[in-house]
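To keep things clear, I will list the structure first and then write my remarks on it.
The values are calculated or read from the model by the stated rules, or taken from the named source; none is laboratory data. In this text the structure is predicted, and so the values were computed from the model without any measurement. Glycine also receives a Cβ, built like all others from the backbone with ideal geometry; neighbour counts cover every protein chain displayed. Side chains included, ligands, DNA and RNA excluded: accessible areas come from the protein's heavy atoms. Shrake-Rupley method; radii C 1.70, N 1.55, O 1.52, S 1.80 Å.
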Number of protein chains: 2
Amino acid sequence: MIFSAQIKVMPLKDLLDPQGKAVLGGLHNLGLSSAIDVRVGKHIELQIEATSKEEALQIASEASQKLLANQVMEFFEISIV
Amino acid sequence: MIFSAQIKVMPLKDLLDPQGKAVLGGLHNLGLSSAIDVRVGKHIELQIEATSKEEALQIASEASQKLLANQVMEFFEISIV
């Protein structure tokens, strides 16, 4: 059975996010001054062949820890659809 | 009132995603052969000062169309928390 894992990888809250700051500046330049903070991360859609939702979650978690997220600077959240 | 908009920007389904293909190769090299497809996009968290959820959604939509997503190659989905 094929499961779709949606993985969100974002910079840790305590770290500066220069890409987000640049986007915020860009939004203000476009006149969107009601934007007050931006953080930019990655969204990864992973199709996984697994026998159960639990197995798919375990594989997605292993993939995130080993490759997708750098846990020194980023955290990740997984949801299986 | 401050709303948090979660914006997902992904490459269009019909387009090749070379970054996703590279990640898929990396996962297979790590022994995670049950991963069968990967697509990589952006996740943007936008804090918006607005009077209603509808106004926040409208601002997030404008930001996505004008700056965050390149609609020739990408689509976006917004959820307001």
Residues in region B:50-76 that are surrounded by fewer than 19 Cβ atoms within 10 Å (Cβ to Cβ) and within 18 Å of residue A:20 (Cα to Cα) total 6
Every pair of residues 6+ apart whose Cβ atoms lie under 6 Å, when the first sits in region A:1-12 and is within 8 Å of chain B (Cβ to nearest Cβ) and within 14 Å of residue A:46 (Cβ to Cβ) while the second is open to solvent by 20 Å² or more (accessible area, probe 1.4 Å) and in a strand (DSSP E or B):
A:2/A:47; A:2/A:49; A:8/A:77; A:9/A:42; A:9/A:74; A:9/A:76
The one condition residue A:27 fails out of (1) surrounded by 19 or more Cβ atoms within 10 Å (Cβ to Cβ); (2) farther than 24 Å from residue B:29 by Cα; (3) touching a residue at least 12 places away in the same chain (Cβ under 8 Å) is (3)
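Each row is one residue, and each column tells you yes or no for (1) modelled with pLDDT of 95 or more; (2) part of a loop (DSSP other than H, G, I, E, B); (3) more than 13 Å from the chain's Cα centre (by Cα).
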| position | (1), (2), (3) |
| --- | --- |
| B:6 | yes, no, no |
| B:32 | yes, yes, yes |
| B:37 | yes, no, yes |
| B:40 | yes, no, no |
| B:45 | yes, no, no |
| B:72 | yes, yes, yes |
| B:77 | yes, no, no |
